[in-house]
1. Could you tell me the convex hull volume per residue, in Å³, taken over the Cα atoms of segment B:147-304?
2. When each copy gets a label point 7 Å from Cα toward the beta-carbon at B:E208, what are the spacings between them in nm, shortest first?
3. If I fit a long axis through the Cα atoms of helix A:72-87 and take the longest principal axis of the Cα atoms of chain A, what angle between them do I get, 0 to 90°, rounded to 10?
4. A:D229 label points, 7 Å along Cα→Cβ, one per copy: pairwise distances from this copy to the rest in nm, shortest first?
5. Per the Cauchy relation, a quarter of the hull surface: what is the mean projected area of the convex hull of the alpha carbons in segment B:63-189, in nm²?
6. Does anyone have the angle between helix A:239-251 and the longest principal axis of chain A? Alpha-carbon axes, 0 to 90°, nearest 10?
7. If you take each beta carbon of peptide B:265-276 and count the beta carbons of other chains within 10 angstrom, what is the mean?
8. Any of A:K217/B:K250; A:K105/B:K134; A:K101/B:K42 with alpha carbons more than 29 Å apart? Name them for me.
Protein chains: 2
Amino acid sequence: MSNMREIAKRAGVGIATVSRYINNTGYVSEEVRAKIQKEIDKSGYVPNALARAIFTNSSKTIGLMIPNITNPFFNQLATVIEDRLNEYGYTIFLCHTEDNKDREKEYLEVLKSHRVDGIIASRAQLKEEYLNTKIPVVSFESEIDQSILTISSDNYKGGKLAFSHLYQRGCRNILHIKGPKIFEATELRYKGFLDKAGEKNIGIDIVEFETDFNTKKLEENLKRIKNIDKYDGIFVFNDIAAATVMKYLKKKDIHIPRDIQIIGYDNSFICELLYPELTTIDQNINEIGDLTVKLVLELIDGKEIEIKNHIIDISLIQRETTRD
Amino acid sequence: MSNMREIAKRAGVGIATVSRYINNTGYVSEEVRAKIQKEIDKSGYVPNALARAIFTNSSKTIGLMIPNITNPFFNQLATVIEDRLNEYGYTIFLCHTEDNKDREKEYLEVLKSHRVDGIIASRAQLKEEYLNTKIPVVSFESEIDQSILTISSDNYKGGKLAFSHLYQRGCRNILHIKGPKIFEATELRYKGFLDKAGEKNIGIDIVEFETDFNTKKLEENLKRIKNIDKYDGIFVFNDIAAATVMKYLKKKDIHIPRDIQIIGYDNSFICELLYPELTTIDQNINEIGDLTVKLVLELIDGKEIEIKNHIIDISLIQRETTRD
């Protein structure tokens, strides 16, 4: 702040005037603007975001809570969100919760103490803590509370599409590998898949995995599948888990898609690294990122917006693990 | 700050005393501590990192520049660095430069204006800008300047190990797919590989790829390889590119490792998702992360440390794409 004071002194104006100019928070005459800018140029002064934050109550930062940045879906989403926020001059505080409530709680305290302007929480597990903060919050994937904006992709429809795709391709002995119960998103995929199967009177075998990303654990979880060769179609709750299933089948010399057809979920970059390339459900990360940023900025600007659950449409991307 | 002032008032002490207590920057008597804490508890006051930053000149934040958080190597490194910094109460400003100088420059300004305590720059392209900032900087992978601490893994040795591994397994017609020239790390892998081949008088064919991560572009770059089936060993500059090469070979029904043996680089999680699993060079992300954090914190504490290039040892992880 001393920096701003010196500039005020040299320009022969008050520090409040300099702050109005730098933070563009009020009228400053052309003549004075010129004076101040001249001193700023001379001094090589970098506006101090901390001082500005205290002047304007805006730190130009957003806290982003994600479960895990090594998970391709979430780091691709983080990339989109960061790019968009960047256009508006916001920087991200990255907080990866590892789906751990205590970590999430700690991070929330850090974000509050850094006076972030807004929080984008994905797969949030806290409730009261978000309700009690005065910071604008947008939630992705899990609904924290009816009073907090939620954005999620249409996981229920994703599950239904996955079933129809396998059914239309002749699959009748179908396995669904579902995600951990705690994840709303994968629960909805599971429900959509089952409901659609019910319409066709097709029974579905279910195996639940304990992790969405830990590759070692995924390998262990594969042991829960009893004689996999009896199936002709498998819908897996995410792409990473689907990749481990594909490897498992190839080791058993089961041909994909001739013997067993497979659908993953997320359309992350690994789909195209696999052989055969993985058919999957695309969550439209760009649309999710655009809307999340748009809404959190509107909340920050104090706009009156309807608090509701925005559901982003999904689509099935056919590649080589299902038949034409 | 008003918050802290109120607490000082209620506790009947000076604001400087409250700040000494909250920021633990000087002596406060037991009795006074108790008074202040009581008021803090009553007020539900959250220490304001911004105010603290101005009091103590420490924002408890570190800027982390990485090229791309969707690249498994860099997001795994970011995860380790963030975890370690977290233990010391630091939060990360995540800046992904996309190897773009202008983005890097913009981010550096943001970090300066947010008064980060330190910067960890990976694959940095700027020089003067880092030299001119008074913020402690630790560089990973690219040497910015002799006056700035650099940490890198032993990429030259990695290249040498890769050649020896293929040579010992009978490869004599060898292709190296190298990374873009601008990346110091992949240039060193290339040099180490060639030097070792020279010792054995083995000529190496070289194909340069234009990207380290963009899967679409990697697919295009594959076209640069003329009749790939004449090779019996391929060393690829990173795991992602190696995965696209594996897919390309499988489409041509070339068996890995019987017909062609392959080595990737990074030991990222995708190695174990591939079939066969990818033999690769492990960069020891944990050791890199530990040392980077240790050094940046020592710089922040003003410790006298030797400014040099720390080179972290690497190791080869044999999986299924090379023969026993």
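1. Output value, Cα hull per residue: 129 Å³.
2. Those separations, rounded to one decimal, come out as 5.4 nm.
3. It is inclined by approximately 20 degrees.
4. Copy-to-copy label distances for A:D229: 3.0 nm.
5. Approximately 9.1 nm², given one-decimal rounding.
6. So the inclination is approximately 30 degrees.
7. 5
8. Table pairs above 29 Å Cα-Cα are A:K105/B:K134.
The values are calculated or read from the model by the stated rules, or taken from the named source; none is laboratory data. Predicted model, so just to flag it, every value in this text is computed and none were measured. Note that each Cβ is placed from the backbone with ideal geometry, even for glycine, and that neighbours are counted across all protein chains shown. Each accessible area value is taken on the protein alone, full model and side chains, heavy atoms only, with ligands, DNA and RNA left out. Shrake-Rupley method; radii C 1.70, N 1.55, O 1.52, S 1.80 Å.
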